[in-house]
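Read-outs throughout are calculated quantities, based only on the coordinates presented, and are distinct from any laboratory measurement. Remember, it's a predicted structure, so these values are computed and weren't measured experimentally. Positions of Cβ are generated from backbone atoms using ideal geometry, with glycine treated the same way; all protein chains shown enter the neighbour counts.
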Amino acid sequence: MSNIRDLILSEGVISIRDDCKGCDDCVKVCPNNAITVNGLGTKHVIDPAKCLSCGQCLITCPFGRIEDKSMVQEVKEALAGNKVVVVQEAPAVRAGLGEAFGLETGTDVEGRMIAALQQLGFDHVYDTVFGADMTIMEEGHELIGRLMRDMGVPGYETVEGKIPQFTSCCPGWVRYAELNYPDMLEHLSTAKSPMMMQAAVTKTYGAQQLGVDPADMFSVAVMPCTSKKYEASRPEFISSGYRDIDAVITTRELAQMIEEAGIDFDSLTPDEPESLLGMGSGAGVIFGNTGGVMEAALRTAYAALSGEELETFEITAVRGDDAVRSATVTIPLSDEWKAVAGVERLDLNVAIVSGSQNVTSVMEEVAAGTSPYHFIEVMNCPGGCVNGGGQPINHEIL
Ligand code: SF4
Ligand code: SF4
Ligand code: SF4
């Protein structure tokens, strides 16, 4: 296991094969100019020092000449061994997996996917939506703390982090920020991503509830994202004293495992995730689309500050297709918060950036101290995780 992780940390997740045709299509979609061009028609090369492991090049290459490092073998060995093998599945996977089995893109196949995971031999199947809810709670309350500190509200003086607060759930964006804006990392939320949040709880509280020593637990995540393989390999994620995640497989790789095992996906009887860590709110499910994280965290902040639920129509401005979108959300404060904050309401300016490379103008404003925003979501992949680098691909040419 350590070999693949070491390789991922030193080389990144994504590499271009020797039979690359040098067509340049991958270069056009790379958000961090990580692909070296040696001339049209010659093999292109990825610079690991710049690569975000996002896989946007991989799903774009019309010839299928880009690969991601695989942890499938480690998963198969764990399934054949004596450890308790747990798996979490992300919301965007259930919307993408059906495509690999000929269903219309976006068809929700969660029930059949859970049945397939059970047939593959996973001992416990959990829904990453539980982790997403924890991320939302953390991010929402972290935002409230930073806002109150900046308003001079007593009791918040020691809160750390800067406004505007950026989301931190996308490892592609986090790496982009680390590489391009190392002096501005205090603006990022300190909340773990849903995958890492869930993984930390699974090997601590979850292992305790199951009566399993975390040393005897093997934790797998099925993700729409190749960058999650990089995130899970980062050395800081060891909450239980052991790796929070032992292996990440993509939607594509799960589809391959199901096919290889001879499971007839269409005829599976749908099942449900387990309840220990499997329950989640609707808010966590919308993490898969750009604007989803923002909407979910804002709903948390709105409910905490006003004591009321945010009506759907008031926040639809943050959903959409533009690369940078913004909105103002007015939060009427509850009597309790009015007394604490000394104002009747908060006008929160929020922005959503789809594609890390589109963050430049927003960051320039932040650096200049002229940003009008309080909260900014950045997702590396255009449209969010539903279009992640680990989703099924339909190559026209192979
Ligand atoms: S898109 Fe594929 S074939 Fe074209 S340059 Fe990139 S890796 Fe090579
Ligand atoms: S994985 Fe992402 S960052 Fe790396 S070369 Fe491909 S498109 Fe660029
Ligand atoms: S947008 Fe989603 S799929 Fe793309 S890099 Fe970020 S977390 Fe991964």
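Between E104 and V159, the modelled label-to-label distance comes to 4.4 nm, taking each label 7 Å out from Cα in the direction of the beta carbon.
Annotation: cysteines of the chain without a disulfide-compatible partner (Cβ-Cβ under 4.7 angstrom) are C20, C23, C30, C51, C54, C61, C169, C170, C225, C381, C385. Placing +1 on the Cβ of every Lys and Arg and -1 on the Cβ of every Asp and Glu, with no other charges, gives the range 14-67 a dipole of roughly 40 debye about its Cα centre.
Which net charge results when you count Lys and Arg as +1 and Asp and Glu as -1 among the other residues whose beta-carbon is under 12 Å from that of M196?
Spelling it out: positives minus negatives among the neighbours equals +1.
Sorting the segments 172-178, 368-374 by their residues' average number of neighbouring beta-carbon atoms within 10 angstrom, most packed first, yields 172-178, 368-374. Please give me the summed charge of the neighbours of A34: other residues whose Cβ is under 13 Å from its Cβ, Lys and Arg +1, Asp and Glu -1. Local net charge: +1. Global dimensions of the chain from alpha-carbon coordinates: Rg and Dmax equal 21.2, 67 Å. Assign one of three labels to the range 59-108, namely rounded, prolate or oblate, based on the Cα gyration tensor with a ≥ b ≥ c the square roots of its eigenvalues; rounded applies when a/c is under 1.5, prolate when it is not and a/b is larger than b/c, and oblate otherwise. Verdict is oblate for the range 59-108.
What is the sum of charges around E272, taking Lys and Arg as +1, Asp and Glu as -1, for the other residues whose C-beta is under 14 Å from the C-beta of E272?
Numbers: positive: R94, R112; negative: E89, D108, E110, D127, D271, E274.
Net charge in that neighbourhood comes out at -4.
Among the listed pairs K69/K162; K21/K50; K43/K229; K43/K76; K21/K229, those whose Cα-Cα separation exceeds 30 Å are K69/K162; K43/K76. Label separation (D19 vs E336): 6.4 nm, computed from points 7 Å beyond Cα along the C-beta direction.
The alpha carbon convex hull volume per residue for the range 14-67 rounds to 64 Å³. A simple packing score, the average count of other Cβ atoms within 10 Å per residue, orders the peptides 118-127, 194-203, 154-163, 32-41 as 194-203, 118-127, 32-41, 154-163, with the highest score first.
With the Cα gyration tensor of the range 123-235 giving a ≥ b ≥ c as the square roots of its eigenvalues, does the rule (a/c under 1.5 for rounded; else a/b larger than b/c for prolate; else oblate) give rounded, prolate or oblate? Since a/c reaches 1.5 but b/c is at least a/b, the shape of the range 123-235 is classed as oblate.
How do 248-256, 101-109 rank on mean C-beta neighbours within 10 Å, highest first? Display every interim value, and only then the final one.
Details: 248-256: 24.2, 101-109: 13.8.
Descending packing order for the listed peptides: 248-256, 101-109.
Between F63 and D347, full extension at 0.36 nm per residue minus the direct alpha carbon distance yields a gain of 97.4 nm.
Between V37 and K76, what's the calculated FRET efficiency when r is the beta-carbon distance and R0 is 41 Å? Round to 0.05. Could you put the intermediate results ahead of the total?
On the way: r = 37 Å, r/R0 = 0.90.
After rounding, the FRET efficiency stands at 0.65.
Per-residue extension of 0.36 nm, minus the Cα-Cα distance of D213 and D183, leaves a gain of 6.8 nm for this segment. Within the range 1-153, the percentage of alpha carbon pairs spaced more than 29 angstrom apart rounds to 42%. Structure remark: mean-square fluctuation, Gaussian network model of the chain, C-alpha springs under 10 Å; the largest value among P182, P224, P31 belongs to P182. Each residue of the range 370-381 was assigned a 3J(HN,Hα) from its phi angle through the Karplus expression (A = 6.51, B = -1.76, C = 1.60, θ = phi - 60°), giving 10, 5, x, 8, 9, 9, 10, 9, 10, 10, 5, 8 Hz with x at Gly and Pro. Between the C-alpha center of the range 196-258 and that of the range 78-122 there is a gap of 15 Å. For the chain, the Cβ-based charge dipole about the Cα centre amounts to some 860 debye (Lys, Arg positive; Asp, Glu negative; other atoms uncharged).
Report the full-extension gain for the segment I238 to L7: residue separation times 0.36 nm, less the Cα-Cα distance, to one decimal in nm. Spell out each step's value before the answer.
On the way: separation 231, 0.36 × 231 = 83.16 nm, distance 1.87 nm.
Extra length from I238 to L7 when fully extended: 81.3 nm.
Rounded to whole numbers, the Karplus 3J(HN,Hα) couplings from phi for the range 78-87 are 5, 5, 8, x, 9, 6, 7, 9, 10, 9 Hz, using 6.51 cos²θ - 1.76 cosθ + 1.60 with θ = phi - 60°, and x at Gly and Pro.
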